[in-house]
Amino acid sequence: MKNSDNRTVARFHAKSSSMDRRIWSRLPPELLELILSFLPLKTFLNLRSTCKAFRSLIYSPSFITKHSSSSSPPFSSFLLLSHPQFHRQFRLYDCAVGTWRDVSLCFSDLSHISAHSALVSSSGGLFCLSDFNSSSLLVCNLLAKSSRKIDLPTYSYRLEHLTLVSTAIGYKIFVLSSESASNSAFVYDSDSLCWERFDCSDLFLSDHHHQQDASYNGGLYFTTPEPFSVVRFDFGSGKWQRHNNSLPSQLSFARLVSDGEKMLYLVGGIGSNGISRSIKMWEMSELGNWVEVETLPELMCRKFVSVCYHNYEHIYCFWHQGMICICCYTWPEILYYKVSRRTWHWLPRCPSLPNKWSCGFKWFSFVPKLYALA
């Protein structure tokens, strides 16, 4: 009798371990949509090719309406590391679980891709790659596997800076260039699918290729070389403005960071004779003044200024999901500040980084969005 009971229990577990297909086929679509919304990014990507019904559900109007709104949470968020020794593959750090992913992104399966293309900017789930040999750009959404090739303006110029900026209805591409007689800015609008040229001959920005900007309040903010100041390009009017409010004194370098909506931050070194003794952070007040909010702990500051060899033009900053990331092209780690907790941290080094590495580390914010149109 006991053996019979055991066989009955075994048959019950074997039957219950496999879900009846009739149950899955009768699941309400709204319940499937809810289940899909909780899937990790990697599982979500693989799911599209497993079943036609799942693929059609993912692209249904109701699912798009729920998950393309600004209030819907992202599938996950990543910091993406680019380095020449990765051979055009990009490592991902998952900020949700605090670890490096064992997968890497590769752009080689996209149309229009060129062996000479380089990743230059990211925003709103989209990436922008440049191919200077063919004078073109490629904007792509890796999650949706969509892309658009964009020809650069047909002018004789040297590209100094490029940035991709997400907007409510698409994106803009800002290009800063230098010509023989003057400097120019070009703006591409994904809504009109055309470039517009703006003169900026009187503007004195940094002339090295590490020029950085911060997107904030309908424009792009830049810092000028010493004596440091802040200038703004307004997307609406196409005009440049110089902020009259002075920056903190004794700056050895200055970088701008914005959350894109509410706050504009200044990250800078404080010192003399070109040597930073401390690194501080300020935020812009409603009156346009800079208010000091943070100082980097001394031990962290010593490490950071030593790894960049006091060559501050290699420093760049960006915003990522409530974090202000401070990076250096010559160092494989990120120093970041969590705004909500007001704490400083080092990002762990990528385990797949070669033992012998050179400079050229470039980090990007990657917040996947399925419905961001390239």
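The values are calculated or read from the model by the stated rules, or taken from the named source; none is laboratory data. Predicted, not measured: the structure shown is a model, and the values here were computed from it. Heads up, the Cβs are rebuilt from the backbone with ideal geometry, glycines too, and the neighbour counts pull from every protein chain shown.
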query = What is the number of the single condition among (1) surrounded by fewer than 20 Cβ atoms within 10 Å (Cβ to Cβ); (2) touching a Pro at 6+ places or on another chain (Cβ under 6 Å) that Phe361 does not meet?
reply = (1)
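Kindly indicate which of Ser272, Ser278, Ser229 is among the small types (Gly, Ala, Ser) and in contact with a Cys (Cβ under 8 Å, 6 or more places away or on another chain).
Ser278
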key: Exclusive hit being in a loop (DSSP other than H, G, I, E, B), more than 20 Å from Phe366 (Cα to Cα), of a type in the set (Phe, Trp, Tyr) and at pLDDT 75 or above, set Phe204, Phe186, Phe228, Phe222   = Phe228
ask   = Which condition does Val305 not pass, out of (1) under 17 Å from Val230 (Cα atoms); (2) free of Cβ contacts under 8 Å to residues at least 60 places away in the same chain, if it passes all the others?
value = (1)
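Scan segment 344-362 residue by residue and report those that are of a type in the set (Lys, Arg) and assigned to a loop (DSSP other than H, G, I, E, B). Before the answer, list the steps.
First pass over segment 344-362, keeping only residues of a type in the set (Lys, Arg): 349, 356, 362.
Selection gives Arg349, Lys356.
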note = Residues in segment 122-152 that are of a type in the set (S, T, N, Q) and at pLDDT 90 or above total 2
task = From Ser156, Ser114, grab the single residue that is at pLDDT below 80, among the hydroxyl-bearing types (Ser, Thr, Tyr), assigned by TED's automatic domain parsing to the domain that holds Cys328 and surrounded by 13 or more Cβ atoms within 10 Å (Cβ to Cβ).
result = Ser114
inquiry  = Looking at segment 345-359, I want the residues that are over 25 Å from Pro297 (Cα atoms) and have a partner that is of a type in the set (A, V, I, L, M, F, W, C) and at pLDDT 80 or above with Cβ atoms under 7 Å, at least 6 apart or on another chain. Which pairs are those?
reply    = Pro351/Trp100
ask   = Are any of the residues in segment 322-335 in contact (Cβ under 8 Å) with a residue 12 or more places away in the chain, in contact with a strand residue (DSSP E or B) (Cβ under 6 Å, 6 or more places away or on another chain), β-branched (Val, Ile, Thr) and assigned to a loop (DSSP other than H, G, I, E, B)?
value = yes
task = Would you confirm whether any residue within segment 72-83 is among the hydrophobic types (A, V, I, L, M, F, W, C), modelled with pLDDT under 65 and surrounded by 15 or more Cβ atoms within 10 Å (Cβ to Cβ)?
result = yes
